[in-house]
Every structure is written in structure tokens, then in C-alpha cells.
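Here's the structure, in C-alpha cells; my notes come after.
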Amino acid sequence: MTRSIVITMGDPSGVGADLTVKALADRPESLRRSAIVVGDRDTLQRAVGICGLDLPIVEPGSTEDGIRVAHVPIEGLPGRFGVLDPACGEAAFRYIERAVRMAEAGEAACIVTAPINKEALNAAGHHYDGHTGMLAHLTGSKSSWMLLASERLSVVHVSTHVSLKDAIGRATTERVLETIRTGHRHLRRMGIEAPRIAVAGINPHCGENGLFGREDDDAIAPAVAQARAEGIDVQGPISADTVYHRAYQGGFDLVVAQYHDQGHIPIKLVAFDTAVNVSLGLPIDRCSVDHGTAFDIAGTGRANHGNMLSALDYAARMTGAARTEEAA
């Protein structure tokens, strides 16, 4: 059975359709033949016209060069770009669900996701904090992690879409240790034989020996010590105001961030258009663009598809690497 890279179109009102057709048009015919887009045929056809492309929308099994689409019919789609609509949230969920089932059946080697809108998703009754939590639920995984990967800086998060107060509570020794282990396994899979990992502190200056809090000493340092005892090359906790600079300059292959903004801000500063969002700890492979639905420019053809190209390239690398990760 031929295993494809499956691209989910994302929110039908967002830039996902534009990004997808432009990225596939920029890749060789061989890649287009190995890719299937799960989404809405009419929306993708409109995007092809808006972007001025000369590629037909074809069925997944077609021998013709074109954009292969597995159409998922959803009632009530608004039929236009740039609007927040519960029907679009329902569509985004159904596209992802279909792609997950394809991956579980061995039909998809990797899922690449275009952006969804969390407000539309929740309005449709699907209460997830984003792709990673949704994929964990759909695959029955107990835990998952978000990795943001770029050429010079990569970050894996202990927690993501929770309040800062809840993030502090989630930075337990057990969770930090599993984050280190998961990041280490993934980088080895991607060809780094001995990954160098840094763990960011959660408090200013890692708490200054308890002056600004005990979390770094009581929760994070023991996780680092255990990981080192297991043979992982890891240092920390290191003050977050210096660790990303050190990693960007080549000192580390991966930084463990304790919460969403601590990891997202540096990545989006240095690799806004090229960073790839990768889900770890799942029984399937998934990566994604690292930006939102951009309703303000959806359907204009102006959206920069560089991030989608990076995601497709990363997906190709993942499909060529032996899978060693296990769902936690």
C-alpha cells in the first residue's frame, strides 16, 4: 500500500486552502502525486483560481497531475473566506478526524495540518485547546507534546494552551522528565546521534536559590538530574533570558520550554515564516504550519506559503526516518 502525506485543509474560511494549493504547486509533480488534501473541493478550487494556478483538482486515485483531494462534505459552509463560522469549525474537525483514521489505517505516512480557528472549533462543540490536544484525544494518547522546529532553534514545551497559573502547576518533575526524554528520542530519530538539550527555568534567573520561587530547585532540577543519569546530554535549569540565545548560537539542539509563550516568542522572532509545529508522543506522525487562520488575508492569494513548504519538507524527513517514538 502506498502511504501518502495527507494535508488537512484547516478552517475553510482561513488561509489553509491558499497555502495548500500554492505549496503543492511549488513542489515537484512527484510530491503532488504522493500527497492527498483532506478538505472541501469547492473551497480548494476557488483557491486555485484566486492564486492563478494551472492545476486541476483531481480524485486521490487519479493518474493526472493535479491536487488530489479527498472531499469531506459538510453542510452549511459559508462559501466565502474570512468569516468565523461554526460550520467551518465542524469542517476543520472532520478533516483532521478523517486524516487520523487514514494514518491509523496505514494510508498516511504523515499528516500535515493547515491552521484551524479555536473559536470556530469550540463553537461547533469540539472543545480542544488546539491540534495537539485534539490529536491526542483522537488517537487515545495519554500525553502529547508540541515541538517547534526551525533551522537554528527548536523548542519543545512542557505545557502549551493553558493559563500561566496552570502552566506552573504542570511543570512537575515527571512531566519535565518525560518532555526531555520525548525530545531526545525525536532528535535521534531525525539524525542527531547525541542531542544537546537545555531546560529553561520557570522563574526569573531560575529562582535565585529560592529568592524568586522554589519551582526550579524542587521540580525542574531533579528532572534534569534523572535525565542525565539515563545518559541524556541535558543541562538546566538555565535562565530563560539567556538559554534561547545560547541555543540559537549553536550551543544546544533543543530547548525545553516550560510554557507556551516562553517557547513561542523566541521561535516566532527568529523563524516566523519557517518554523514547523510537530506533535510528539502520538502513535502517528503530524506536523503543521506555525501560524493561525489569518482571516484578514484569506482568499486573497497573498498569504505567504513558506511555512507550509517547511512543514511539507519536515514531513518528508519524518517519513524517511525510522519511527522510534511511542505514545506515552
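The values are calculated or read from the model by the stated rules, or taken from the named source; none is laboratory data. As the structure is a computational prediction, the values presented were derived from the model and not from experiment. Positions of Cβ are backbone-derived with ideal geometry, glycine not excepted, and every protein chain shown enters the neighbour counts. When the accessible area is computed, the model is the full protein with side chains, heavy atoms only, and any ligands, DNA or RNA have been set aside. Shrake-Rupley method; radii C 1.70, N 1.55, O 1.52, S 1.80 Å.
With the Cα gyration tensor of the range 147-196 giving a ≥ b ≥ c as the square roots of its eigenvalues, does the rule (a/c under 1.5 for rounded; else a/b larger than b/c for prolate; else oblate) give rounded, prolate or oblate? Oblate is the answer for the range 147-196, as a/c is 1.5 or above yet b/c matches or exceeds a/b. Loop-located GluC sites (Glu not before Pro) in the range 199-294 (DSSP state other than H, G, I, E, B) with a sparse environment of at most 15 neighbouring Cβ atoms within 10 Å: Glu208, Glu230.
Extension gain for His137 to Glu193 (0.36 nm times residue separation, less C-alpha to C-alpha distance): 17.0 nm. The alpha carbon centroids of the range 239-290 and the range 18-81 are separated by 30 Å. In this simple spin-label approximation, His161 and Thr173 carry label points 7 Å from Cα along the Cα→Cβ vector, and these lie 3.2 nm apart.
What 222 nm value per residue comes from the helices of the chain, counting each DSSP H run with n ≥ 4 as -39,500 (n - 2.57) and dividing by all residues, nearest 500 deg cm²/dmol? Could you put the intermediate results ahead of the total?
Numbers: 12 runs with 126 residues, N = 328.
Taking each H run of at least 4 residues, the total per residue is -11500 deg cm²/dmol.
Each label was represented as a point 7 Å from its Cα along the Cα-to-Cβ direction; for Ala105 and Thr319 these points are 1.7 nm apart.
Name the shape class, rounded, prolate or oblate, that the alpha-carbon gyration tensor gives for the range 229-292, where a ≥ b ≥ c are the square roots of its eigenvalues, rounded holds for a/c under 1.5, and otherwise prolate holds if a/b is larger than b/c and oblate otherwise. Taking the square roots of the gyration eigenvalues as a ≥ b ≥ c, the range 229-292 is oblate. Protein heavy-atom accessible surface, 1.4 Å probe, per residue over the chain: 41 Å². A Gaussian network model of the chain, with springs between Cα atoms under 10 Å, assigns the largest mean-square fluctuation among Thr113, Thr132, Thr173 to Thr173.
Protein heavy-atom surface of the range 123-256, 1.4 angstrom probe: 48% of the accessible area is carbon and sulfur, with nucleic acids and ligands not counted. Relative protection proxy for 200-207, 221-228, from highest mean packing down: 200-207, 221-228 (other beta-carbon atoms within 10 angstrom). Whole Å is fine, so just give me how far the alpha carbon centre of the range 179-215 lies from that of the range 117-168. Centre-to-centre (Cα) distance: 19 Å. With R₀ set to 25 Å, the beta-carbon distance separating His71 from Asn122 gives a calculated FRET efficiency near 0.50.
Pairs of Cα atoms under 8 Å, at least six residues apart: use those to get the relative contact order of the range 242-328, whole percent. List each step's numbers first, then the result.
Values: 67 pairs, mean separation 23.7, N = 87.
Dividing the mean separation by the residue count of the range 242-328 yields 27 percent.
Working out 0.36 nm times the residue gap between Glu230 and Arg80, then minus their Cα-Cα distance, what length gain in nm do you get to one decimal? Could the numbers behind the result be given before it?
On the way: separation 150, 0.36 × 150 = 54.00 nm, distance 5.35 nm.
Fully extending the segment from Glu230 to Arg80 adds 48.6 nm.
Rounded to the nearest 10 square angstrom, Ile265 shows an accessible area of 110 square angstrom against a 1.4 Å probe.
Check each of the trypsin sites (Lys or Arg not before Pro) in the range 142-197 and keep only those in coil by DSSP with at most 13 other C-beta atoms within 10 angstrom; list them in order. Please list the in-between numbers first.
Working: sites: Lys142, Arg152, Lys165, Arg170, Arg175, Arg181, Arg185, Arg188, Arg189, Arg196; in loops: Lys142, Arg152.
Sites meeting the loop and neighbour criteria: Lys142, Arg152.
3J(HN,Hα) along the range 136-145: 4, 5, 5, 9, x, 8, 6, 9, 8, 9 Hz, from the Karplus curve 6.51 cos²θ - 1.76 cosθ + 1.60 with θ = phi - 60°, whole Hz, x for Gly and Pro. Once you sort the root eigenvalues of the Cα gyration tensor of the range 153-228 as a ≥ b ≥ c, which label holds: rounded (a/c under 1.5), prolate (a/b larger than b/c) or oblate (the other case)? Prolate shape, in that a/c is at least 1.5 and a/b is the bigger ratio. In this label model, His205 and Val58 are separated by 6.4 nm, measuring between points 7 Å along each Cα→Cβ vector.
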